[in-house]
1. Considering only protein heavy atoms and a 1.4 Å probe, what is the carbon-and-sulfur percentage of the accessible area of the range 123-191?
2. Arranged from highest to lowest average of other beta-carbon atoms within 10 Å per residue, in what order do the peptides 91-102, 15-26, 140-151, 207-218 appear?
3. Specify whether the C-alpha gyration tensor of the range 37-114 places it in the rounded, prolate or oblate class, a ≥ b ≥ c being the square roots of the eigenvalues: rounded for a/c under 1.5, otherwise prolate if a/b is larger than b/c and oblate if not.
4. Before I look further, what does the chain give for accessible area per residue, probe 1.4 Å, in whole square angstrom?
5. I need the shape label for the range 2-146. Rule: rounded when a/c is under 1.5, else prolate if a/b > b/c, else oblate, with a, b, c from the alpha carbon gyration tensor.
6. Using a 1.4 Å probe on the protein heavy atoms, what percent of the accessible area of the range 1-97 belongs to carbon and sulfur?
7. Looking at the square roots a ≥ b ≥ c of the eigenvalues of the Cα gyration tensor of the range 119-274, which shape do they give, rounded for a/c under 1.5, prolate if a/b is larger than b/c, or oblate?
8. If each DSSP helix of 4+ residues adds -39,500 (n - 2.57) and the sum is divided by the residues in the chain, what number results at 222 nm, nearest 500 deg cm²/dmol?
Amino acid sequence: MSMKSLFFYFLRVGLWGEAEGPCPESLPEETWQELFRMSCEQAVCGVWVDGVSQTACRPPERLWTQWIFHTARIGQMNRWLRQVEERWLENLRGQGMEGEVFKGSSAGRWYRKPLLRCYGDIDLVVWKGWERLAGYLQAAGYRCVPEGGSWAMQDGQVSIEWHPCREFVYNPWINGRLQRMLRADRTGPELYVVCLILHLRRHVLTYGIGLKQVCDVAVMLRRAPLDFGRLASLLQALHLADFSGVLFGLLEKYLGGGFVFPVPPRRGRDVDLLDEIVWNEGYRLKMERESLSACRSEFGRVRRNAWFWLGRSVRLCRWMPGEAFFFLCTKFVKRLAFRKKA
């Protein structure tokens, strides 16, 4: 088996409790180290280690002990982050505001072992009282940093991002439709899955995204009580069917059978391109681009960024033509506004 095949074998066992095909035989230590590195890079190490634990195959005891402690730490942190989330939601209710957790523990609940989903920042969506949120946080002593229509802050060691809605799209007409849907449906799992896919698509268009968010969609398709007819209608209404077909092709390729897809999965070069973006760009491309920009003059940075975004949009436009076009428009408008401000 190739390294990638080994990796996905154990990930499937961690996600579903089983996997097709025979269990790999004993592996050399350097192979185990590389597989674990891959799982950390893709932010799925908790689920992946649990997959190894469900098989008869084990790394050397020294490595296994380290991995078990690492996985236990993920579980402890997730328990603590849940408490932080609940505390903030209660604080909002005390101020007459209402919100919800997006991604994080709300996506993790569909995992076979929810506490093993790798943690990150807390994303809180405030759908009632958003206009009062910044004042409340600042009065409470928190320093809020604006980030593209949202707010970011630190609560001790925890990074919290506050959002006025679960997700947005660059196409203004489709975004208006999405926001109306979100106001009308606060709890439906179908619209929640759509927002996960929209979030994934937006990151694919910008800097790439790793397997954690792909697995979030996978577990909801397998375990959430979804009306697949309604889900298909939502994907069509939000011009998301083409990208979803590519994403579902990736799930089919690596995460096993048992899926019911609301739109047919694609195969071939489209799936290979998304595979490349997830596997090779993952969570690294943004840091690499920021590092390059920091080392260049203003003119050089603007020129290289313009070519980067243009090339990326053209490369991906066949999955999301309208979104890629309006993404470039948004970048151009923001750049003009920045120059006028300067």
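The values are calculated or read from the model by the stated rules, or taken from the named source; none is laboratory data. These numbers were taken from a predicted model, which means no experiment stands behind them. All Cβ positions, glycine included, derive from the backbone under ideal geometry; neighbour counts span all protein chains shown. For the accessible areas, the whole protein counts, side chains as well, though only heavy atoms, and no ligand, DNA or RNA atoms are used. Shrake-Rupley method; radii C 1.70, N 1.55, O 1.52, S 1.80 Å.
1. Numbers: 1870 of 3620 Å².
Ligands and nucleic acids excluded, carbon and sulfur give 52 percent.
2. Values: 91-102: 15.9, 15-26: 13.6, 140-151: 11.9, 207-218: 22.2.
So the order, starting with the most tightly packed, is 207-218, 91-102, 15-26, 140-151.
3. Details: a/c = 3.51, a/b = 2.78, b/c = 1.26.
Cα axes put the range 37-114 in the prolate bin.
4. For the chain, the per-residue accessible area is 49 Å².
5. Details: a/c = 3.24, a/b = 2.72, b/c = 1.19.
In terms of gyration-tensor shape, prolate.
6. Details: 2420 of 4840 Å².
Summing carbon and sulfur atoms, their accessible area is 50 percent of the total for the range 1-97.
7. Working: a/c = 2.13, a/b = 1.73, b/c = 1.23.
The shape class here is prolate.
8. The per-residue figure over the chain is -20000 deg cm²/dmol.
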